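The values are calculated or read from the model by the stated rules, or taken from the named source; none is laboratory data. Just so it is clear, the model here is predicted, and its values are computed rather than measured. Counting neighbours? That spans all protein chains shown, and the Cβs are built from the backbone with ideal geometry, glycine included. Calculation scope for accessible area: heavy atoms of the full protein, side chains included, ligands and nucleic acids excluded. Shrake-Rupley method; radii C 1.70, N 1.55, O 1.52, S 1.80 Å.
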Amino acid sequence: MPSYEHDIRHSVQSLHFIRRLVYRSSVESTNTLANSLAREGSDEWTVVVADAQEHGRGRQGRVWHSPPGVNVYTSIIVKPVIAYDDIPAISLLAGMVVAIVLEHVSGIVAELKWPNDVMIAGKKISGILLELGNGDPGRPYLVVGIGINVNSEPGEYPGQLSGSATSMKTLTGTTYDRAGLLNYLYREFHEWYTYYCSHQGFMSIKEHYMQRFTMINKRVQIQSGAERMSGFVEDIDASGRLVLRDDRGETTTIKSGDVYRVG
Ligand code: BTN
């Protein structure tokens, strides 16, 4: 029976932009491995895939539940030659790409929760962890880590995640081919990323992101480090930052944080 690794290698063969595919049946975290490969000088478009992660990492130091045999865990190394301020919005771009891929592969229409959570009816189906590092002088590298809950069953999520996570299989009752999904994900990410880097800036993709962003004018609470703020979502600015209007009508821009709908 063909293995997951065999299927992936076969599936990405036609993707000529992929310079190297590193597969592990189990790894601490594909992002951690991709970071060390990038530091050692790996080319951009090196991709890391694992069947399972022992310590999958989420945003804000959280754990990303990563059981074997069911979901997608991958990290892509890129080296963007763009203005420094345009780099963070690549994480918004990655969330948008995942939503496009989900819709194409399964018909599931997802919403984007700023900055890059992919949600269906308030439950999370995918998460993205972007990490920036220093590679060759003057050429930073970016690790774009993507986790998608593909074939996991509702009962497989531990404790508090059971009410807040979902998967493609849970939503449609279908089991998906993870290798085929990865092929589509890499192709779509490559296309949008290349477009983004040549047009530079969130404004070049804003219209597409906003089609799936449902928080405008919604009242939210934001936890950004130790700081907590609340207000109404007014916009996303040219650098991908959230623009929040507080109760006094003053606006603040937020670079990172967790957004919760209130009221
Ligand atoms: C989040 O929503 O908190 C981000 C989750 C990111 C999970 C992915 S799975 C592949 C890659 N490797 C990791 O350790 N994390 C990312």
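Have a look at I222, I216 and point out the one that is among the hydrophobic types (A, V, I, L, M, F, W, C), farther than 26 Å from P80 by Cβ, surrounded by fewer than 20 Cβ atoms within 10 Å (Cβ to Cβ) and free of Cβ contacts under 8 Å to residues at least 40 places away in the same chain. Please lay out each step first, then the result.
Values: I222 fails: surrounded by fewer than 20 Cβ atoms within 10 Å (Cβ to Cβ).
Sole residue among the options that is among the hydrophobic types (A, V, I, L, M, F, W, C), farther than 26 Å from P80 by Cβ, surrounded by fewer than 20 Cβ atoms within 10 Å (Cβ to Cβ) and free of Cβ contacts under 8 Å to residues at least 40 places away in the same chain: I216.
Somewhere in segment 87-109, is a residue in contact with a Ser or Thr (Cβ under 7 Å, 6 or more places away or on another chain), of a type outside the set (V, I, T) and open to solvent by less than 10 Å² (accessible area, probe 1.4 Å)? The answer is yes; a qualifying residue exists.
Condition first: in contact with a His (Cβ under 6 Å, 6 or more places away or on another chain) and either basic (K, R) or within 13 Å of the ligand (Cβ to nearest atom) (or both). Can you find one or more residues in segment 33-56 that meet it?
No, there is no match, as no residue in segment 33-56 is in contact with a His (Cβ under 6 Å, 6 or more places away or on another chain) and either basic (K, R) or within 13 Å of the ligand (Cβ to nearest atom) (or both).
Say we look at segment 185-213 and pick out the residues that are under 15 Å from D237 (Cβ atoms) and aliphatic (A, V, I, L, M); which of these is least open to solvent (accessible area, probe 1.4 Å)? Selected residue: I205.
Specify which of the listed residues (V143, V63) is surrounded by fewer than 15 Cβ atoms within 10 Å (Cβ to Cβ), under 17 Å from T32 (Cα atoms) and among the hydrophobic types (A, V, I, L, M, F, W, C).
On the way: V143 fails: surrounded by fewer than 15 Cβ atoms within 10 Å (Cβ to Cβ).
Exactly one residue qualifies, and that residue is V63.
Answer yes if at least one residue in segment 169-178 is open to solvent by 50 Å² or more (accessible area, probe 1.4 Å) and among the aliphatic types (A, V, I, L, M), and no otherwise. Looking through segment 169-178, at least one residue is open to solvent by 50 Å² or more (accessible area, probe 1.4 Å) and among the aliphatic types (A, V, I, L, M).
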